[in-house]
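Readers should treat all values here as calculations from the given coordinates under stated rules, not as data from a laboratory. Treat the numbers as computed from the prediction; the structure is a model and nothing was measured.
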C-alpha cells in the first residue's frame, strides 16, 4: 500500500468482505506497506482500506478462485476519512504472486456441462495437456480407481494429487485412487494445476486437482434432481440384435438434493453473516440383468439314472468308481 508519491503506508487497516456471506477478514499493513489476508474461501469480495489522513479506499468485484494467490496494490489519496475512492469495472485481478499454471472449472461449467454418471472430475479433460487414460465406461462416483487414471503434460499415469478444500483426497489402496467424489451439486469450482507449483505441492509427481465445496450463504438455496435411464428409452445392443434377442431389462436412478443457508434458531441464534450450513445427498441405484448359462440335473438323475449324462458332443459319459 502506498500514497500518490509512492511512499509506503504502515499500520493501515485492510478488510476483505465476502459478498455472498458478509464474512470479513481484516489485516494491517506492516512497515513495508504489505498485508496478507490468508485462507479466504473462493468467491467475490469487496476490499476496503483505511489509514489516518487518507480517503477510504473501496474496490468491488474482486473474484478469487480456488488456489489463487492474488496481489492487489492499493493506492491511497490524501483526504478526510469520510471521503472515499471507489474502484470498479477494472480488469480481473492478475495473479502475479505465483508462476503456477492451471485452469479453473467454475460452477457454471460444473453444473451445466453434460457429465456421464455426474462425476465432476471428468471435466478435468477441458484443461490443455490433461488426458484421461481410464476405461470410459467406468466414470461413476464410486469407481474410485478407474477415474484416477489421469496423466498431466505427459507425466506418469496415476501420479496426481487430489485435494478437497485443500485437504488430501487420495486413497492409496490399489493405486493412487480418489478417496471421495463429491456430487456435482456440492461443488463450487475446482482447479487443475499442471505445472510450476510451489513447495506445498511437492508431494505430487503429476498434476494437482483441488476441489472447493459449496458453503451456505445468507440466503437459503436448495436443489432437487433425478437422472434416470429405463429399458424403454434404451436401444438394443448389437449383440442382441445379431442373435435376435430382445433388450435386457435395465434401470438407473441417480437422484439427490442439496440445501444451504444461514444457521437460524428462532429467538436464540441468528447466524447471518457468521454461521452457515450446507447439506447434500446423492443416491445411485442401477440394475442390469446379465445372461447366465448353468447346467442342472435332469429329473432322472435325481433318482440315480445318469443315462442322459453326456459331453458337449452328445456322447454318453460313463460313471465308474475310481477306487
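The calculated Kirkwood hydrodynamic radius for the stretch 268-323 is 18.6 Å, given to one decimal from all distinct C-alpha pairs.
Over the stretch 13-87, the fraction of Cα-Cα pairs per 10 Å bin, rounded to whole percents and listed from the shortest bin up, is 19, 52, 26, 3.
Across q = 0.13, 0.14, 0.17, 0.22 Å⁻¹, the stretch 221-287 modelled as identical point scatterers on its alpha-carbon atoms has Debye log10 I(q)/I(0) values of -0.58, -0.62, -0.74, -0.92, in the order of the q list.
Over the stretch 182-323, the hull volume per residue, using the convex hull of the C-alpha atoms, is 414 Å³. Considering the chain as a Gaussian network with a 10 Å cut-off on Cα pairs, which listed residue, 284, 269, 45, attains the greatest mean-square fluctuation? Among 284, 269, 45, the largest GNM mean-square fluctuation belongs to 269.
Taking all Cα pairs closer than 8 Å and separated by 6 or more residues, the relative contact order of the chain comes to 12 percent. By the compact-protein rule of thumb, 2.2 N^0.38 Å, the alpha-carbon radius of gyration of the chain corresponds to a ratio of 1.52. At the listed q of 0.09, 0.14, 0.16, 0.17 Å⁻¹, the Debye profile of the stretch 1-159, built from one uniform point per Cα, gives log10 I(q)/I(0) equal to -0.45, -0.81, -0.93, -1.00. With only the Cα atoms considered, the stretch 101-213 has a convex hull volume of 90 Å³ per residue.
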